[in-house]
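K.L.:
Before anything else, here's the structure in question.
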Amino acid sequence: MKNTLIKKYILLIAIVAIGISCTKESESTDLSSANLIPIPLKIEATAKEFKLNSNTVISTSGDIDFKKVGEFLSEKLSHHNSLDIKIEESAKKNVINIIKDENYGLTSNESYELIVDENAITIKASSDEGAFRAIQTLRQLIPIEANPNGERIVSTGKILDEPNYGYRGSMLDVARHFFPKEDVFKYIDAMAYYKMNVLHLHLSDDQGWRIEIKSWPDLTAVGGHTQVGGEAGGFYTQEDYTEIVNYAAKHHITVIPEIDMPGHTYAASVAYPHLNGAKKSIEVLDNPTPDRRTLLYTGIEVGFSTFDARKETTYEFVDDVVREISELTPGPYFHMGGDESHVTSDEDYDYFVERVGEIVRKYDKRMIGWDEVARVDKDPNSVVQFWDKEDNAKMAKDKGMKIIMSPAKKAYLDMKYDTLSKFGLHWAAYIPVDVSYKWTPEKYVEGISKENILGVEAPLWSETISKTEELEYLAYPRVIGIAEVGWSIEENRDWDNYRVRLANQTPYLNQMNIKYYPSKLVDWVE
């Protein structure tokens, strides 16, 4: 009797073990349970495996831009997965095909189809941009580490995907605290991995001017030499800025430069005092010193500075700045700021915005401004970035302008997670990880529908952060959720499902040495 019980016990353990094994096998071959962010439009799983190994090759269309996408994938697989995957145009099996094809059913420039079967992985897209988004999905499907057989198992099936919004961005404030170009490169890497396509750089503010303007050299010679707290600042030479633009372009990300004006302009006015339009005179006008840098502002208050809107030399300055930056920036946009200009009279503000709009259009750029500009700008081709006043967003809509959704209570990455957060502010709200994810752009402001919205952007202001790890603490993981809010349709987004997929991003985040905030709302994978 005892032996019989033992045999039954052993049999039960074996059955359980087989069940667990089958469950794991089923999970490993179920494409629909992959931890993809952003979640794709459609996933069809076929419950088999493609075994990626050292014999796998990449084959691309003859199109040179598609070949660059293949080269990018090969580079990333080598760097992140220790896989030497070569490009071979004639391969038929054990191959990753990247094909230019306009007949798979979706029409967005970023849409793609990804098919995985036992012999091949095939990517179809009408443009290299779509192919690039597809390989980010593929990178997330490929395990970082190989199994004991030296293989990386990719589940089979089909993914059909396209973005909900064509503009999906994040802003870095490099003015309050300066971040070197290497930090920006790292941010671009992660943005691209999660299919974001716009990097907005806030290049000037009261505390510093961060881009070289050759026709006005004191902007950086004077205005670039401090930051919040009084530490040494910094700036990008035009060569540095070009490197950032080119690096972003390689990742199919558009750079949008912002020169904030007519407010947030103290650093520029210290460099060139005749630009100052504030009633309270800048000290350098009354008491010149050999080193004007000692007069720069290092606090975090706003609204006390303005350019002189009635001097023609102000617009000569703006023209030079817009011209030089536009020549370095191939993207279609120029951001003129326009927010919190509290000491500019309404008449001067209106006049200034109209004049700057004319200059921006002169250099074939599309002007973006924070939502305050909506009450002035009459050009329907301009874009309003909503951050605060819903009435401004509605005014922009009524004028036929497109709107970028950046509500401070949801999308501002510089807000604290909670009362225990080490960095950040909380004037708008505390924004935990779930709150930053659970919102829908086209439902946020009554009367603003999807057709009125250009896209979504997550700004990261830098008053309280000065190091990369502090930047990452505030940005991650919330910027990852904003990436999904911008890409994925509302019907596919679910917090409980997302938090599981987010938890499984830790291998990538750790490999990239991203010092993310380990929110207790997420059961992070060790």
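K.L.:
(1) more than 18 Å from the chain's Cα centre (by Cα); (2) within 23 Å of LEU509 (Cα to Cα): which one isn't true of ASP161, the others all being true?
P.N.:
(2)
K.L.:
From LYS195, LYS186, which residue is farther than 26 Å from GLY299 by Cβ, assigned to a loop (DSSP other than H, G, I, E, B) and either in contact with a Gly (Cβ under 7 Å, 6 or more places away or on another chain) or not assigned by TED's automatic domain parsing to the domain that holds ASN119 (or both)?
P.N.:
Result: LYS195 is the single residue among LYS195, LYS186 that is farther than 26 Å from GLY299 by Cβ, assigned to a loop (DSSP other than H, G, I, E, B) and either in contact with a Gly (Cβ under 7 Å, 6 or more places away or on another chain) or not assigned by TED's automatic domain parsing to the domain that holds ASN119 (or both).
K.L.:
What's the total number of residues in region 101-111 that are in contact with a helix residue (DSSP H, G or I) (Cβ under 7 Å, 6 or more places away or on another chain) and either over 16 Å from SER126 (Cβ atoms) or crowded, with 17+ Cβ neighbours inside 10 Å (or both)?
P.N.:
Within region 101-111, residues that are in contact with a helix residue (DSSP H, G or I) (Cβ under 7 Å, 6 or more places away or on another chain) and either over 16 Å from SER126 (Cβ atoms) or crowded, with 17+ Cβ neighbours inside 10 Å (or both) number 2.
K.L.:
In region 91-100, what count of residues is obtained for those that are buried (at least 16 other Cβ atoms within 10 Å of the Cβ) and out of contact with any helix residue (DSSP H, G or I) (no Cβ under 6 Å at 6 or more places or on another chain)?
P.N.:
Total satisfying the criteria: 6.
K.L.:
Now, a different point. If you take the residues in region 210-237 that are loosely packed, with under 15 Cβ neighbours inside 10 Å and in a helix (DSSP H, G or I), which one is nearest to the chain's Cα centre (by Cα)?
P.N.:
So, considering only residues that are loosely packed, with under 15 Cβ neighbours inside 10 Å and in a helix (DSSP H, G or I), the one nearest to the chain's Cα centre (by Cα) is GLY229.
K.L.:
Anything in region 454-508 that is farther than 30 Å from VAL228 by Cβ, among the polar types (S, T, N, Q) and surrounded by fewer than 21 Cβ atoms within 10 Å (Cβ to Cβ)? List them, or say none.
P.N.:
Of everything in region 454-508, those that are farther than 30 Å from VAL228 by Cβ, among the polar types (S, T, N, Q) and surrounded by fewer than 21 Cβ atoms within 10 Å (Cβ to Cβ) turn out to be ASN492, ASN497, ASN504, THR506.
K.L.:
In region 417-434, which residues are of a type in the set (A, V, I, L, M, F, W, C) and assigned to a loop (DSSP other than H, G, I, E, B)?
P.N.:
Within region 417-434, LEU420, PHE423, TRP427, ALA428, ALA429, ILE431 qualify.
K.L.:
Tell me, which strands (runs of 3 or more DSSP E) wholly within region 101-174 include 2 or more residues that are outside the structural domain of PHE386 (by TED's automatic domain parsing), in contact with a strand residue (DSSP E or B) (Cβ under 8 Å, 6 or more places away or on another chain) and without any contact (Cβ under 8 Å) to a residue 60 or more places away in the chain?
P.N.:
112-116, 120-125
K.L.:
Are any of the residues in region 246-254 surrounded by 17 or more Cβ atoms within 10 Å (Cβ to Cβ) and within 30 Å of PHE304 (Cβ to Cβ)?
P.N.:
No, region 246-254 has no match at all.
K.L.:
Filter region 319-339 down to the residues that are of a type in the set (Asp, Glu) and in contact with a strand residue (DSSP E or B) (Cβ under 8 Å, 6 or more places away or on another chain) and list them by number.
P.N.:
Residue satisfying the conditions is ASP339 alone.
K.L.:
Residues of region 359-409 being in a helix (DSSP H, G or I), surrounded by fewer than 23 Cβ atoms within 10 Å (Cβ to Cβ) and acidic (Asp, Glu), which ones?
P.N.:
GLU372, GLU390, ASP391, ASP398
K.L.:
GLU457 fails exactly one of the following numbered conditions: (1) charged (D, E, K, R); (2) in contact (Cβ under 8 Å) with a residue 24 or more places away in the chain; (3) within 23 Å of ILE43 (Cβ to Cβ). What is the number of that condition?
P.N.:
(3)
K.L.:
Being more than 14 Å from PRO143 (Cβ to Cβ) and at pLDDT 90 or above is the filter; apply it to region 80-90 and report the residue that is surrounded by the fewest Cβ atoms within 10 Å (Cβ to Cβ).
P.N.:
Residue satisfying both the conditions and the ranking: ASP84.
The values are calculated or read from the model by the stated rules, or taken from the named source; none is laboratory data. Being a predicted model, the structure only gives us computed values, none of them experimental. Neighbour counts are summed over all protein chains in view; Cβ atoms, including those assigned to glycine, are modelled from backbone coordinates with ideal geometry.
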